[in-house]
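Since the structure comes first, as structure tokens, the remarks are kept for the end.
The values are calculated or read from the model by the stated rules, or taken from the named source; none is laboratory data. Keep in mind that what you see is a predicted model, and the values were worked out from it rather than measured. With ideal geometry, Cβ positions are generated from the backbone for all residues, glycine too; neighbour counts draw on all protein chains shown. We work out accessible area using only protein heavy atoms, side chains counted, and drop any ligands, DNA or RNA first. Shrake-Rupley method; radii C 1.70, N 1.55, O 1.52, S 1.80 Å.
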Amino acid sequence: MKIITIIGARPQFIKAAALSREISNHNNIEEIIVHTGQHFDANMSEIFFEQMEIPSPQYNLNINGLGHGAMTGQMLEKIEEVLIKEKPDWVLIYGDTNSTIAGALAAKKLHIKVAHVEAGLRSFNMKMPEEVNRILTDRISDILFCPTETAIDNLQKEGYDNIDCKIVKSGDIMQDAAIFYSKKEQNPNIEIPKEFILATIHRAENTDDINRLGAILGALNEIGEKTPVILPLHPRTAKIIQDSDFVIKNLTIIDPVGYLEMVYMLKRCKLVMTDSGGLQKEAFFFTKPCLTMRDETEWVELIENNFNILVGANKEIIINTNNNYKFNTNFNVDLYGNGSAAKSIVNSLINYN
Ligand code: UDP
């Protein structure tokens, strides 16, 4: 069996690391990795391939720095060329980026089977580019690997029982990654305070809205007066802050780090504050409460179980929640499977008929 894996963004490298490891245990499966180039900085791309020992991409499409239309269009064209040449049995795609939708669309029109890992997630906010990518990708996928029961429910509500595709509850591939790479944690070479908050901000709805970004940074500045805040900053956010007159106080801003450094900090921090999808779950995997600076989340089970709270981009709410909120500290609940998503996914592909 020949699989072409399409990846292009940081969270996809992390997920592919776990799945490629499992694929490599099967001599009868050949995996060819296509890197679309969506993330290209050394610390947003290369470091993950090195640290997590992801097989080198056989194709580097180098498509980045473009608007949604040009980026997705160029990916579609280039991925199609690769698929025509390689004639895989499956195209494997992850999550909700432009690389995901481009891979799905190129494959489907060539009648190549599409496997979507992290299917069925919804924020119900159609203004998010990720939501559009997910919905369209799910609809043309042949096999949909759902990380959670909620994801399966979402698909059922959209009528997927009557759509010709296979839905598998695989568990969450990021849990596999967290378990495997936990042992390999690496100190990020900065002074790590005894008690600190780990924060990230990168989602377009926050970075592209100056009021939202200002409120979030204002809240972090104030929280940082009492508790140190470490903020590995996404290049998109860094550029916007650089071009603005935002005042940064009390924050330790660092360049993006590799996954092993993130694991190190996740294990030691007191709290996670983020607008990232993946990090909300990692907070849970590493038994840390999470304050999510968004108005909605795809990972609703974390909210329902009180491990995570949505605080939007309101300065007062963020500060008050940080000061007063009582999170659930009993993390001994299975929300995302037990770290065997990769096995489940590979077995389903092998036994697909
Ligand atoms: N991450 C990382 N280095 C960083 C910041 C984040 O390795 O400096 C990891 C993080 O631990 C998580 C993933 O990147 O596994 C999340 O990616 P991101 O927040 O870019 O995307 P999202 O999950 O929101 O799609």
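Counting only DSSP H runs of at least 4 residues, each contributing -39500 (n - 2.57), and dividing by the residue count of the chain, the helix-based mean residue ellipticity at 222 nm comes to -13000 deg cm²/dmol. The alpha carbons of the stretch 174-223 give a radius of gyration and a Dmax of 15.4, 40 Å, in that order.
Taking a point 7 angstrom from the Cα of K109 along the C-beta vector, which residues in the stretch 53-80 have backbone N less than 15 Å away? Flagged as within label range: 69-80. Distance between the C-alpha centres of the stretch 183-220 and the stretch 138-176: 31 Å, rounded to the whole angstrom.
Per the 1.4 Å probe, what fraction of the accessible area of the chain, in percent, lies on carbon and sulfur atoms?
On the way: 7080 of 14990 Å².
That share works out to 47 percent.
Dipole size of the stretch 196-348 about its Cα centre, with +1 on Lys/Arg Cβ and -1 on Asp/Glu Cβ: approximately 520 debye, rounded to the nearest 20.
Specify which residue in the list G159, L83, S141 is farthest towards the positive end of the charge dipole of the stretch 79-164, using unit charges on the beta carbon of Lys, Arg (+1) and Asp, Glu (-1), about the Cα centre. Of the listed residues, the answer is L83. Taking the alpha carbon gyration tensor of the stretch 1-109, multiplying each eigenvalue by 5 and rooting it gives semi-axes of 20, 18, 10 Å, largest first.
When N counts the residues of the stretch 265-313, how does its alpha-carbon radius of gyration compare numerically with 2.2 N^0.38 Å, as a ratio? Before the final figure, lay out the partial values.
Numbers: Rg = 9.5 Å, N = 49, 2.2 N^0.38 = 9.7 Å.
Dividing the Cα radius of gyration by 2.2 N^0.38 Å gives 0.99.
Kirkwood hydrodynamic radius computed over the stretch 251-292 comes to 10.6 Å, based on all pairs of distinct alpha carbons. Placing +1 on the Cβ of every Lys and Arg and -1 on the Cβ of every Asp and Glu, with nothing else charged, gives the chain a dipole about its Cα centre of roughly 340 debye.
Residues L121, L76, sorted by accessible area with the largest first, give L76, L121 [1.4 Å probe; ligands and nucleic acids excluded].
Based on the mean of other Cβ atoms within 10 Å per residue, sort peptides 129-139, 241-251, 200-210 so the most packed one is first.
Values: 129-139: 19.7, 241-251: 11.7, 200-210: 17.7.
Most protected by this proxy first, the peptides run 129-139, 200-210, 241-251.
Looking at the stretch 285-340, the pairs of alpha carbons with a distance over 12 Å make up 67% of the total. Pairs with C-alpha atoms separated by more than 28 Å, drawn from the list K157/K183; K15/K169; K127/K267; K108/K184; K2/K78; K127/K184, are K157/K183; K127/K267; K108/K184; K127/K184.
Using alpha carbon centroids, what distance separates the stretch 1-45 and the stretch 298-353, in Å? Rounded to whole Å, the Cα centres lie 24 Å apart.
Could you work out which residue, out of G67, G214, G224, moves most in a Gaussian network model of the chain, that is, has the largest mean-square fluctuation with Cα springs under 10 Å? Among G67, G214, G224, the largest GNM mean-square fluctuation belongs to G67.
Among 55-61, 328-334, 90-96, 111-117, the peptide with the highest mean count of other Cβ atoms within 10 Å heads the list, and the full ranking is 90-96, 111-117, 55-61, 328-334.
By average Cβ neighbour count within 10 Å, what is the ranking of 1-14, 168-181 from highest down? Numbers along the way, then the final one.
Details: 1-14: 24.1, 168-181: 22.6.
Final packing ranking: 1-14, 168-181.
Note on the stretch 266-353: dipole from Cβ charges, positive end direction compared against N314, N353, N338; the farthest Cα belongs to N338.
Suppose we take every Cα in the stretch 1-64 and form the convex hull; what volume per residue is that in Å³? Intermediate results must be reported in sequence, preceding the final value.
Numbers: hull volume 4.2 nm³, N = 64.
Value for the stretch 1-64: 66 Å³ per residue.
For the stretch 153-276, a simple Cβ point-charge model (Lys and Arg +1, Asp and Glu -1, everything else neutral) yields a dipole of about 480 debye relative to the Cα centre. When all alpha-carbon pairs of the chain are counted, what percent fall beyond 29 Å? In whole percent, the share of Cα-Cα pairs in the chain beyond 29 Å is 37. Per residue, the solvent-accessible area of the chain (1.4 Å probe, heavy atoms of protein chains only, all protein chains present) comes to 42 Å². Of the residues Q58, T97, N125, the one whose Cα sits farthest toward the positive end of the charge dipole of the stretch 1-157, with +1 on the Cβ of Lys and Arg and -1 on the Cβ of Asp and Glu, is N125.
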